[in-house]
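Trainee: Mind having a look at this structure? Questions to follow.
The values are calculated or read from the model by the stated rules, or taken from the named source; none is laboratory data. These numbers come from a predicted model, not from an experiment. All Cβ positions, even for glycine, are placed from backbone atoms using ideal geometry, and neighbour counts span all protein chains on display. Each accessible area value is taken on the protein alone, full model and side chains, heavy atoms only, with ligands, DNA and RNA left out. Shrake-Rupley method; radii C 1.70, N 1.55, O 1.52, S 1.80 Å.
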Amino acid sequence: MPRTIKIAAAQMGPVHRDSTRQDTLSRMIKLLQSASTRGAQLVLFPEAAFTTFFPRHLISAQEELDSVYYSASQGKVIAKYRKVHLPGTKEPFENPDAVNQLEKRYFEPGNLGFKAFRAPDLVLGAQKKGAGSVRPGKGDPIMGMMICNDRRWAEGWRCYGLQGVEVVLCGYNTAGFAPDLWGTRKPMTQEQAEEDAVFHHKLVMQGNSYMNSCFSVSAAKAGLEDGKYDLIGGSCITSPEGHVVAEAQTKDDEVVFAEIDLEDCRQGKEKTFDFDRHRRIDQYSPISLQTGVIEPELL
Ligand code: CDV
């Protein structure tokens, strides 16, 4: 029996430092309504949806720092996730023209791990607790969350894969041009750099969806924020075979929508990536024992 759900990424165009919360919220509600008109049962918003991507700025006024905090009403939240991999630096780059990424200044690394959860009321006939023998892939959909930079780290995806994840959700704000952050071994025009950034975004969403036999939904905050900071678009939905099944056509407010069948996850989970049969954990110890690189001895 198919387990279909209608899902959407609500990509957002730029939100500026002086955008009002009311204005941003109205845009988000409009996106929700548009997704709902198409029948979406689940809608994903970008990282830092309510504000400009503020970690690019050195903000010291406590009042402004406080104004970026959003508290979701308790009781309606079914799962929480805190970003684990914080990119960038604590101090601004020396180059005054650099695009800063001060996440290590404003945040602590997430401490909730990669905990998958089941999303209720999305598929018909989901098997419930206590209803006979438990069959994989028959219950309510299994979801996992990531925030932006987390999507580049295979470790997080695998933690979700090991919980049978069926849909990974990831909101992001990715600079289109940030040579101080990325390095400049091969000088690139702004256009080439942005093309590469979109390529890398899709690469990790497609590759990790395939290697964990799951769908993914990613939602960008895109376009030119605060008059000069370019963010990539590329919001997309990818399949367990690693294909892009829907993607944004603009760098503005846009709903990316797909109807997906979670049954499509089964083939990979039961054959090529049947973890129970094929994983060799006795060979993977460096993954959890070291962070930095230890090269083999010199010849
Ligand atoms: N907001 C982010 O986490 N951005 C990172 C950039 C800085 C590399 C990203 O992975 O897109």
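Trainee: I'd like the full set of residues that are open to solvent by 50 Å² or more (accessible area, probe 1.4 Å), of a type outside the set (D, E, K, R) and in a helix (DSSP H, G or I), limited to the range 1-33.
Mentor: Gln22, Leu25, Ser26, Ile29, Leu32, Gln33
Trainee: Here is a further query. Can you report the number of residues in the range 161-178 which are more than 11 Å from the ligand (Cβ to nearest atom) and either open to solvent by less than 40 Å² (accessible area, probe 1.4 Å) or touching a strand residue (DSSP E or B) at 6+ places or on another chain (Cβ under 8 Å) (or both)?
Mentor: Here the count works out to 9.
Trainee: Considering only residues that are part of a loop (DSSP other than H, G, I, E, B), within 28 Å of Gly39 (Cα to Cα) and open to solvent by less than 100 Å² (accessible area, probe 1.4 Å), which ones fall in the range 240-299?
Mentor: Passing the criteria: Pro240, Glu241, Gly242, Ala248, Thr250, Lys251, Asp252, Asp253.
Here's the yes/no breakdown for (1) surrounded by 15 or more Cβ atoms within 10 Å (Cβ to Cβ); (2) within 17 Å of the chain's Cα centre (by Cα); (3) assigned to a helix (DSSP H, G or I); (4) modelled with pLDDT of 95 or more:
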position	(1), (2), (3), (4)
Leu86	yes, yes, no, yes
Lys115	no, yes, no, yes
Asp121	no, no, no, no
Arg135	no, no, no, no
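Trainee: Now for a separate question. Going residue by residue through the range 190-205, is there one that turns out to be modelled with pLDDT under 95, farther than 18 Å from Tyr81 by Cβ, among the acidic types (Asp, Glu) and open to solvent by less than 70 Å² (accessible area, probe 1.4 Å)?
Mentor: Within the range 190-205 (the criterion being modelled with pLDDT under 95, farther than 18 Å from Tyr81 by Cβ, among the acidic types (Asp, Glu) and open to solvent by less than 70 Å² (accessible area, probe 1.4 Å)), the answer is no, since none of the residues qualifies.
Trainee: Name the residues in the range 96-113 that are away from the ligand (no atom under 16 Å from the Cβ) and either surrounded by 15 or more Cβ atoms within 10 Å (Cβ to Cβ) or not aliphatic (A, V, I, L, M) (or both), would you?
Mentor: Result: Pro96, Asp97, Asn111, Gly113.
Trainee: Which of the numbered conditions does Lys80 fail, given that it passes all the others? Conditions: (1) closer than 13 Å to Ile147 by Cβ; (2) away from the ligand (no atom under 14 Å from the Cβ); (3) open to solvent by less than 100 Å² (accessible area, probe 1.4 Å).
Mentor: With (1) closer than 13 Å to Ile147 by Cβ; (2) away from the ligand (no atom under 14 Å from the Cβ); (3) open to solvent by less than 100 Å² (accessible area, probe 1.4 Å) applied to Lys80, the lone miss is (3).
Trainee: Could you run through the range 5-21 and say how many residues are of a type in the set (A, V, I, L, M) and within 13 Å of Asp252 (Cβ to Cβ)?
Mentor: Selection size over the range 5-21: 3.
Trainee: Select from the range 178-230 the residues that are under 15 Å from Lys251 (Cα atoms), in a helix (DSSP H, G or I) and among the small types (Gly, Ala, Ser) and list them in ascending order.
Mentor: Once the filter is applied, which keeps residues that are under 15 Å from Lys251 (Cα atoms), in a helix (DSSP H, G or I) and among the small types (Gly, Ala, Ser), the range 178-230 yields only Ala197.
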